[in-house]
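The values are calculated or read from the model by the stated rules, or taken from the named source; none is laboratory data. The shown structure was predicted, so the numbers you read here are calculated from the model rather than taken from an experiment. Cβ: placed from backbone, ideal geometry, glycine included. Neighbour counts: every protein chain shown.
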Amino acid sequence: MNETLLLLNGYQWAVLAASLSVIFGGIGSCIGIASAAKMSAGVLAEDPDKFGGLLVLCILPGTQGIYGFITGLLVVVFFGLLGGDGKSIVLAQGVRIFLGCMPVMIMCLVSAIFQGAVSTAGVGMVAKRGEAAGQGMILSALVETYAVLSLVVSLFLIMAAQAG
Amino acid sequence: MLKALRDPLKYGFAVGRIRVRETKMLGANRLDRLIGAGDFYDQKRILVETDYGNFFQEAATPEDVEQALNDYLAVLYEFLEEIYPEKKILSYFRSRYDFHNLKVFLKAKYGEKSTERIWSKLGMLDAEVAKERVDEGNLDEIEEPYASALLEAMEKFEEDKDSQQIDVVLDRALHLYLYEVAKRQKNKFFLGYVKSLIDLANLKLFMRARNLNKEARFVEDALLDHGFIPKGDFISAYYDAPEVLIGKLKETPYAKIVQDSVAGQEFDLDFFDRKADDFLVSFLKPAKYIAVGLEPLISYIIAKENEVKALRIILIGRLSGVSAQTIKERVCAQYV
């Protein structure tokens, strides 16, 4: 119970895993959305009719933040971090939870930033041709794939850590 | 990576606005229609569909066209001032008008030419105040880099009594200023553009000096620093056949332009000017594919300036009775 690795015990590793999943996913999404939204604001200042297509392009990089949130929430719920049960997490299990969350932590941070870049380019397309919004969304969604894959793997790894 | 994070946040809004405005540019098709229009009033009817429309309502003479286009540029610079995060970029573009004005004022001071109507209000200095100060020789009140350039030009003129020295000194000061502004931006594209501009200015200087049989010493003094092509290449080839310079340029994009500008023992400077403009437009084209950053902003200003230049040739050409074919030859390629 009192075993530690890098000064953290099992419970603290689990809390760190949940926190960083939410934080990194959130940071990535903030940067991605801000990139696309800032350029969209410029386009809308000139042509307010393009709001519909631009809104979706701005929203797309936001999903990584949600994946981080889901992962963090599952760690909290599965391992009883809200109640007292979490205190019984041993070091090995805590480290497994942390490692299980890493795909989401890293991939959501990176993919949201790059998805923001693709969405920003999509905003440029919509500025020139309003009907290009759909194509911009598809291109942007391609980057999303890898965030989804990381979420799936993280979920399995968290379940594996729970099964012991 | 840092650039990818920084640029959308820094330039995103401005690029968003200009991307929409780019769709309203005249483009090759509309310019062709303007060239082919029956008369100036037909041209005005075509322009009504564009954002130039309001500026040409009352225009009837070449002077009106000039005035309308200057008013258009003033409004354009005002718009860019409002949206560009880097105000220094605009000083790059507007300082050219200041240096032009200072040349005109200085030459007028020394009794060379009248200043009426040939100076511009598009610079950053208040042109009328600058004229007064140049006339009085009160350079303390003029800001840098203009004051030291003026001082040097005045000293050179006093020494040689040659008004060409005014052009040489102020051109050199202008290009040095442009280079420094571009260098401070730490943007390869922008710096590359300025260096190409310097190369083309040096090439033109070389050709003009050759056409006028000037001495190599004049060219050596007048050549600008900071281009891609070393000044030594120009100087060492000055008394040789054009092929020698073309040989030195063979690794650069300028070789063909110079080769095509050779006309017998001389250089065709009008042709060179047109090809140089086309080259600069082709230099800007890659910026169309950069989603966000300083590049699209710079390209937009230059593209708009080229558009105004093309419009000036087309409208004033038509009013002056120049044929459609000649006008078409003079209008350079467009960015959009």
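Residues are listed down the side, and each one gets a yes or a no for (1) within 12 Å of chain B (Cβ to nearest Cβ); (2) closer than 21 Å to B:VAL292 by Cα; (3) in contact with a His (Cβ under 8 Å, 6 or more places away or on another chain):
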{"residue": "A:MET107", "(1), (2), (3)": "no, no, no"}
{"residue": "A:ALA117", "(1), (2), (3)": "yes, yes, no"}
{"residue": "A:ARG129", "(1), (2), (3)": "yes, yes, no"}
{"residue": "A:GLY136", "(1), (2), (3)": "yes, yes, no"}
{"residue": "A:LEU139", "(1), (2), (3)": "yes, yes, no"}
{"residue": "A:LEU142", "(1), (2), (3)": "no, yes, no"}
{"residue": "A:TYR146", "(1), (2), (3)": "no, no, no"}
{"residue": "A:VAL152", "(1), (2), (3)": "no, no, no"}
{"residue": "A:LEU157", "(1), (2), (3)": "no, no, no"}
Would you please name the residue that is farthest from A:VAL143 (Cα to Cα), looking only at residues in region A:62-120 that are surrounded by fewer than 24 Cβ atoms within 10 Å (Cβ to Cβ) and of a type in the set (S, T, N, Q)? A:SER88
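Give the residue, chosen from A:ALA112, A:ALA41, A:ALA92, that is under 28 Å from A:VAL152 (Cβ atoms), among the hydrophobic types (A, V, I, L, M, F, W, C), out of contact with any strand residue (DSSP E or B) (no Cβ under 6 Å at 6 or more places or on another chain) and modelled with pLDDT of 95 or more. Don't jump to the end; show me each part of the working.
Working: A:ALA41 fails: under 28 Å from A:VAL152 (Cβ atoms); A:ALA92 fails: modelled with pLDDT of 95 or more.
Among A:ALA112, A:ALA41, A:ALA92, only A:ALA112 is under 28 Å from A:VAL152 (Cβ atoms), among the hydrophobic types (A, V, I, L, M, F, W, C), out of contact with any strand residue (DSSP E or B) (no Cβ under 6 Å at 6 or more places or on another chain) and modelled with pLDDT of 95 or more.
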Positions within region A:38-54 being free of Cβ contacts under 8 Å to residues at least 24 places away in the same chain and either more than 8 Å from chain B (Cβ to nearest Cβ) or assigned to a loop (DSSP other than H, G, I, E, B) (or both), in sequence order: A:PRO48, A:PHE51
Confirm whether B:LYS44 is within 16 Å of B:SER299 (Cα to Cα) and either touching a strand residue (DSSP E or B) at 6+ places or on another chain (Cβ under 8 Å) or away from every other protein chain (no Cβ under 14 Å) (or both). no
Would you mind stating whether A:VAL148 is over 22 Å from A:VAL43 (Cβ atoms) and either among the charged types (D, E, K, R) or assigned to a helix (DSSP H, G or I) (or both)? yes
Out of region A:1-36, which residues are surrounded by 21 or more Cβ atoms within 10 Å (Cβ to Cβ) and part of a loop (DSSP other than H, G, I, E, B)? none
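Here's the yes/no breakdown for (1) loosely packed, with under 13 Cβ neighbours inside 10 Å; (2) charged (D, E, K, R); (3) at pLDDT 85 or above:
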| site | (1), (2), (3) |
| --- | --- |
| B:LEU76 | no, no, yes |
| B:ILE83 | no, no, yes |
| B:ASP98 | no, yes, yes |
| B:GLU112 | no, yes, no |
| B:VAL129 | yes, no, no |
| B:ARG133 | no, yes, no |
| B:GLU144 | yes, yes, no |
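Suppose the filter is within 30 Å of A:LYS128 (Cα to Cα), touching a residue at least 24 places away in the same chain (Cβ under 8 Å), away from chain B (no Cβ under 14 Å) and of a type outside the set (A, V, I, L, M, F, W, C); does A:GLY26 pass it?
On the way: within 30 Å of A:LYS128 (Cα to Cα): no; touching a residue at least 24 places away in the same chain (Cβ under 8 Å): yes; away from chain B (no Cβ under 14 Å): yes; of a type outside the set (A, V, I, L, M, F, W, C): yes.
The answer is no for A:GLY26.
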Here the qualifying pairs (Cβ atoms under 6 Å; residues six or more apart or on different chains; first in region B:1-26 and under 21 Å from A:SER111 (Cα atoms) and facing chain A (nearest Cβ under 7 Å); second of a type in the set (Ser, Thr, Tyr) and crowded, with 19+ Cβ neighbours inside 10 Å) come out as B:PRO8/A:SER35; B:PRO8/A:THR120
Residues located in region A:121-153, provided they are under 28 Å from B:ALA287 (Cβ atoms) and β-branched (Val, Ile, Thr): A:VAL123, A:VAL126, A:ILE138, A:VAL143
Within region B:32-55, work out how many residues are part of a helix (DSSP H, G or I), in contact (Cβ under 8 Å) with a residue 24 or more places away in the chain and in contact with a Leu (Cβ under 7 Å, 6 or more places away or on another chain). 2
When the residues of region A:142-164 are filtered to those that are under 15 Å from A:ILE33 (Cβ atoms) and in contact (Cβ under 8 Å) with a residue 60 or more places away in the chain, which remaining residue is nearest to the chain's Cα centre (by Cα)? A:ALA147
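Residue-wise test of (1) among the basic types (Lys, Arg); (2) without any contact (Cβ under 8 Å) to a residue 12 or more places away in the chain; (3) surrounded by 15 or more Cβ atoms within 10 Å (Cβ to Cβ); (4) outside the structural domain of B:LYS156 (by TED's automatic domain parsing).
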position: B:GLU220; (1), (2), (3), (4): no, no, no, yes
position: B:ILE235; (1), (2), (3), (4): no, no, yes, yes
position: B:TYR239; (1), (2), (3), (4): no, no, no, yes
position: B:LEU245; (1), (2), (3), (4): no, no, yes, yes
position: B:LYS250; (1), (2), (3), (4): yes, yes, no, yes
position: B:ASP260; (1), (2), (3), (4): no, no, no, yes
position: B:GLN265; (1), (2), (3), (4): no, yes, no, yes
position: B:ARG274; (1), (2), (3), (4): yes, no, yes, yes
Note on A:ILE33: of the conditions (1) modelled with pLDDT under 95; (2) of a type outside the set (D, E, K, R); (3) under 22 Å from A:VAL118 (Cβ atoms), unmet is (1)
Pick out, from region B:249-336, the helices (runs of 4 or more DSSP H) lying fully within it that include 2 or more residues that are closer than 15 Å to B:LYS204 by Cα and of a type outside the set (A, V, I, L, M, F, W, C). B:254-261, B:269-284
